[in-house]
Each structure stands twice: as structure tokens, then as C-alpha cells.
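First up is the structure itself, then whatever we jot down about it.
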Amino acid sequence: MGLLVTTGVAVLLGVAARNEPLDAEILTTAVNGGASFGLPFLAVFMAIIGIFACGHEYRHGTIQPTLTSLPQRSRLILAKLIVVTVTTVVVTALSMAINTAVVYIVWGEAPGLFEDPIGTALAGYAIYTLIYVLVGFGLGLLFRGVPSALVVIFLMPLIIESIIMGLAFIPALDWLVPVVKFLPFTAGSRLMEIVPPDFGPGSPDFDLFSRWTSGGIFALFAAVILTTAWILFKKRDA
Amino acid sequence: MITAKGLYKRYRKTVAVDHLSFDVRPGVVTGFLGPNGSGKSTTMRLMLGLDHGEGETLFDGKQFGTIRRPMNEVGALLEAKPFHPTRSARNHLRMLAAGNRIADKRVDEVMEFVGLGDVRRKKPKGYSLGMAQRLGLAQALLGDPQTLLLDEPTNGLDPHGIHWMRDVLKTLASEGRTIFVSSHLLSEMQLMADELVVIGRGTMIFNGDVDTFVREFTQSQVVVRGPETAGLTEALKAEGAEVVSEDDALVVSGLEIGKVGHVAFTVGAELHELSTRRASLEEAFMSATGSSEEFVAKEPVRAAEPATAAAEGEAL
Ligand SMILES: Nc1ncnc2c1ncn2[C@@H]1O[C@H](COP(=O)(O)OP(=O)(O)OP(=O)(O)O)[C@@H](O)[C@H]1O
Ligand SMILES: [Mg+2]
């Protein structure tokens, strides 16, 4: 089933992703135990693979031969989803293992690796990466193309959500304050925090959810995108 | 055996396929004809479940979407030939083969068969139109399927390729397979197809065998040649026939050959030739799919011209 799933280019990128983000990871690992605020490199690279899994098929029209060789659409999506998920989990685990090894080599120790703040944040980081990739997969399938999905997955967290958050600081727009905790990517990034975010003095009380509730919101967002994409894929013309 | 029932597809305002029902029998080549935009490609995509519309198509009793390893049962060559940009032709086929449990050996076999053996490790992006078409056929044949659905397979092929394609399809049909093939090369179709499905604007015009189609949509003409035909022309016209002189012969339509002979006998005209000219599939097609009033027999000369022009074009 490997064939149906990641395209040749995606595999190439996977190889690249496996090597490249490590540098960045090494740094972040050294600094804060494997997670960074904003978008983790690994998540971004893996999300590109997720987007390519379906988007690439549409970009080059290969979805047509794919569907004539495997017409059960749900089976096709499931197969792709499984491969993307497994790849993400394996690559994430691998990258974390390598980073840990590097930390040991450089510092000779990794204090508190499996204990509360760092251990949970690392687990959260792995979960965040997976959900982020699944969002990418859903977007690729939804938009049936690479570029638009890429734009959304980067613009959403980096620009749109930051703007909403920024606007919430303006007193006149304080009705935005309760919205902030539901912003999916912002909520998701709480998964990998070590300390709760500090928005500075005078910032409104966002009343953010706990780590796992926030993660749940992010997961729900991914589920909605995936389900919509899946249902549409079953109904649309190839 | 393909059974299509009530196929229907609408794109916003245009009805591309309007309640088409037909059967495609095994053992013969069935041609699928229709003018540009009449809905042939859409019909084929509907049959394969690539487009969603109404109706149902059964391949030997099964819907395409329920066949577990479809390449082994139904081979399809569609209008668009999309290929992955970085994958070699051979890998493209290997990918598809893997999903259908087809051995790699078979991939090399079909590539050799369609004449792409030497370029199988090249990327299909660099293939010419005809080469891509051959690769598409290789893909359709990969699983050695019982049923083949081909959308303009001769498109882009050179004369040898067209000839070869005809032989391949006839051979496959004679092995008892079901072959459904659309094409605009009517002279080719005439040599290859036994049965026809002809559509126009998404609706069925004709479904039956080729000879019936030609007979139904054209009037046969009688060719008369002789040293002195002026009197005969008058007599034939008096009988209600339409007579046109073509070089040194008369082409008579609207009268049977026996009647023409009788008229010649009664006026005492000397004849050097008295024969029926069978209309070509092309003429029948023109008359069947042109606006319903325009029957070919009314303008035999004009209708015959494009036929010869097309024949010359193909011979190049
Ligand atoms: N994706 C689409 N969106 C809108 N209309 C479409 C689409 N695909 C086909 N059509 C319309 O459906 C009709 C049938 O098109 P189709 O491609 O099936 O014709 P065809 O018989 O294969 O023509 P040709 O001989 O040129 O290959 C046309 O009127 C076309 O404009
Ligand atoms: Mg077509």
C-alpha cells in the first residue's frame, strides 16, 4: 500500500526532513527539552508530507490512475492516513531519540527528562506534531492541491491567530478575549509548553484551558477538517 | 460483459450524459462514437465511478467500486494521461501493480508489449503524445483484464501504431474479452468495431451493429457508367431519383439497383457499370450526428468529400 500513500517527492522530502530539522531540534532540545513556541520544524516538515500525500495526487492528476487501481475511496484515504501517521510517529520518535542522544553526548546528562514539566511537554510535542500533520493531510485533501493547503497551514497559526490574539489586547475588542482560548493552533501549542505563557503585564486574562483540554480543541479542529475532507472526497468527482 | 443503466451526469447547466443505457458484449469490439463534447469521456468516467452521477454500470455483474483488485478485471485508458513528475514509467506501473498484487515481471512484459521496453526507465514527462498513449495502454493491460475501457486510444499514435492497436484490440476481443473503445477515426472503427454505441449531446442515437448503423443512417447509392447517359439521367429523374454525375459516372440515390437497371433497360441505354456504393461509417456518422434534417443522401457529393479527405489524412 506504500504506493498509494506518499508520493516519490514526499519520500524525498521525508529524508530531507529527517536530517534538516535535527539541527534546530538539537538547539531547542538543549534549551528547553525539545519543544519550541510557535511552529516546531519537525511538525512543519511532516505536515508538508501530510499535504503532499493527497495534494500531490491532484497537482499532477495521478489521483485518476490511483482511483482506477483502487476505487474504494475510504480504503485509499485510510491507507494514506495510516502511512502518514506511522511515518510521523516514527520520525518524531527518532528525532527525539537522536536529540536525547546528542544531549547526552554534549552534556552527559538529561535531567528530569521523564518527569513532569519536561516529560509531559515532550509527550505534548509529539502529539502536537501528529495533530498538525493530520491537519495538513486534511487540508491537502480538502483543497485538492498543494499551494492552498500550504498557505492555510502556515498562515493560520502564524498570522491569523496572532492577529486575533493581538487584537484581543485592544480594550475595544475585548470580546475577542474568550475566543483566544479556542484558536486551534494556539490551543495546540499549549501541548508542548513547559511554563504557562506569560503575555506580559496588563494583558487580558485569556483564561486558557489546561494543557490537555487545549490539546483536545486542537485535535477536534483536526478531526473536523479531516472529516469534512473525507466526506467531500467521497462525494466529489475525481 | 458491461451493463450500463440510466447513466446521467449534469455539470451545473449542461447535461453531459442523459440517461444512457447500453450493453457491451464480450467477444467483439464495441465502438463508442459521438461528436466532440457529446459526453463520451464523461460516460466512461461515470462507468468507473470517477465522476459521481446517476445510474449504474456493472462489469460482469459487479460495480467497479466494489472490485477489490480492479486492474485484474477492468483495464481503463482515459482521456487525461497524468503521470508523476519524478517517477519513471516503469515505477509508475509498478506502483499501480503493487496495489493490485501484480508482479513486477508483468510490468516489464507489458512495457515490452507496447513497444516502450527501451525507454521504460525514463520519466513519462519526457514522452511524446504517442508514447504516453502506449504507456496508458500498458497500464490498462497490466492486470490482463477481461474488460477494457479505452477513451481514444489511437489518439497520437503513428500509422503503424494505429494498425497495431487495431490488431491488438481485435485479438483481445477474439479471446472473449469485452472491449469498449471510443475513437474519432471512423475508417479505423469501421475496420475494427462490430458493435456501436453512438451518442449525441449525451443521448443515445444508435446502439447495434455497424452494418445496421450504416444502413439506417445513409441511403445506398447506385453507380451507373455508360457511353451515353443523358437519356438515362432524364428517365431516372422521372422515376423520382436524384442523379448526380461524378466524373464519367452517374451516382443515383433514391432508387434501388434493380430499378435503376430496369430503367436503363427500358430506355435502351448501354451500361458499362451498374453497382451499389455502400456508404461508409463516416457518412453514416455524419448523417446520424449532424442536425437531424441533414441526411447525407441529399448532398452526396459534399458528404463524400470529407470522407476522402480524412482517408488521405490518415494515409500520411
Ligand atoms: N469538469 C467539467 N465541468 C463542466 N463541464 C464539463 C466537465 N467535463 C465535461 N464537461 C462537459 O460535458 C460535456 C461532455 O464532455 P466530454 O468530455 O464527455 O465529451 P467527449 O464526448 O469526450 O468529447 P471529445 O470527443 O472531444 O473527447 C461537454 O459539454 C463538456 O463541456
Ligand atoms: Mg473525450
Over 21 Å [Cα-Cα, the stretch B:89-223], rounded percent: 49 percent
Percent of beta bridges antiparallel (DSSP, chain B, rounded to nearest 5): 65 percent
Estimated inter-spin distance, residue B:25 and residue A:74, nm [label 7 Å along Cα→Cβ]: 3.9 nm
Ranked by how many other beta carbons lie within 10 Å on average, peptides B:145-153, B:165-173 from highest: B:145-153, B:165-173
Centre separation in Å (Cα based) which lies between the stretch A:211-232 and the stretch B:66-99: 33 Å
Per-residue Cβ neighbour rank within 10 angstrom, fewest leading, B:123, B:40: B:123, B:40
Cα→Cβ-extended label distance, 7 Å offset, between residue B:160 and residue B:262, nm: 5.5 nm
FRET E, pair residue A:205, residue A:172, Förster distance 22 Å, beta-carbon r, rounded to 0.05: 0.80
Distance histogram for the stretch A:116-172 (every C-alpha pair counted, 10 angstrom bins, percent rounded to whole numbers): 21, 32, 32, 15, 0
Percentage of interatomic Cα-Cα distances in chain B larger than 25 Å: 57 percent
Ranking of A:52, A:185 by count of other Cβ atoms within 10 Å, fewest first: A:185, A:52
Size descriptor, Kirkwood hydrodynamic radius, that averages inverse alpha-carbon separations across the stretch B:181-282, Å: 15.4 Å
Residue order, fewest to most surrounding Cβ atoms within 10 angstrom, among B:94, B:121: B:121, B:94
Three-way shape label, the stretch B:1-142, alpha-carbon gyration tensor, a/c 1.5: prolate
Label-point separation in nm, residue B:228 to residue B:175, each point 7 Å along Cα→Cβ: 6.4 nm
Helix-only CD estimate at 222 nm, as mean residue ellipticity for chain B, using -39500 (n - 2.57) per DSSP H run (n ≥ 4): -11000 deg cm²/dmol
Estimated Rh, the stretch B:11-68: Kirkwood, alpha-carbon pairs, angstrom: 12.8 Å
Gain in span if fully extended, residue B:191 to residue B:248, counting 0.36 nm per residue against the direct Cα distance: 17.6 nm
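Values in this text are rule-based calculations from the coordinates and carry no lab data. These figures come from a predicted structure and were not determined experimentally. A quick note on method: Cβ atoms are made from the backbone with ideal geometry, for glycine too, and the neighbour counts reach across all protein chains shown.
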